[in-house]
Amino acid sequence: MELPSFAVTWDYRCPFARNAHEHLVAGLEAGAPWDVTFLPFSLSQVHVADDEPPVWDDPDRAKDLMALAAGVIARDRHPDRFLAVHRGLFTARHDEGRDLRDPDVVRDVVESVGVPGDELMGEWRAGWAQKEIRAAHERAVADHGVFGVPTFIVGGHAVFVRLMTRPDGDGKLARATIERTVRLIVEHPEINEFKHTSVSH
């Protein structure tokens, strides 16, 4: 079965988004013929209290969206470098423990994979990427009831997925993992929740 087009949400703060998106990146780099859309989704906005302004309207929280905006900018302005930027920002956050609200960290990551840091930071200050994040986030919530990352969206189905493994550079494993996940969503919509009671090692 050839996979249909699908989308996957991300926020660099989430370790499970890191796992899923590393599989996506490794699979695509290994030649997987997927038509996948990477959708930004703000966990900062998810955790905004009812009496607080949305994160995109709060100047004090602008840096909360900086790394997510960097991913959007790379996706839309430097598509040939997006996968490297995407992986690099997840690595900086989860493997290196770096603060993605620090402009120097974001600049260092993008420059390390060939994206001009000054250009990217200029795009961030221009604000269009933050508008794209807001639009994608609100559309995902309104259309599919998305509440977190990573959520796989295939046709009319939206499924929050927690993958416990990382591909560790194994493109074959990554491709099998993503294709199994998407097929499960498409072929078995009757499964609403399937969760192990303990984590296997």
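Below are the figures for this structure:
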quantity	calculated
Footprinting exposure proxy for E96, E29, E193, E22 (fewest neighbouring C-beta atoms within 10 Å first)	E193, E96, E29, E22
Residues of type lysines that K63 reaches as a straight line, Cα spacing below 28 Å, ignoring anything fewer than 8 places off in the same chain	K131
For region 66-81, 3J(HN,Hα) per residue [Karplus equation, 6.51 cos²θ - 1.76 cosθ + 1.60, θ = phi - 60°, Hz, x = Gly/Pro]	5, 5, 4, 5, 4, x, 5, 4, 5, 4, 8, 9, 9, x, 6, 10
Among P150, P116, P59: highest mean-square fluctuation, GNM of the chain, C-alpha pairs under 10 Å	P59
Computed magnitude of the charge dipole of the chain (debye, nearest 20; Cβ of K, R +1, Cβ of D, E -1)	440
Built amide H within the under 5 Å cut-off of W10, gap 5+	L39, F41
For the chain, alpha-carbon Rg and Dmax in angstrom	16.6, 49
Euclidean distance between Cα centres, region 170-201 to region 82-150, Å	26
Among E119, E138, E52, residue whose mean-square fluctuation peaks in a GNM of the chain (springs only between Cα atoms under 10 Å)	E52
Among A126, A158, A30: highest mean-square fluctuation, GNM of the chain, C-alpha pairs under 10 Å	A126
Top positive-direction residue, dipole computed over the chain with Cβ charges, set I191, A49, P116	I191
³J(HN,Hα), Karplus 6.51/-1.76/1.60, whole Hz, each residue of region 181-197, x for Gly, Pro	5, 5, 5, 4, 5, 6, 8, 9, x, 6, 7, 8, 8, 9, 9, 5, 7
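Computed from the coordinates by the stated procedures, all read-outs in this text should not be read as laboratory data. Values in this document were obtained by computation on a predicted structure and should not be read as measured data. Here the Cβ is made from the backbone with ideal geometry for all residues, glycine too, and neighbour counts use every protein chain on show.
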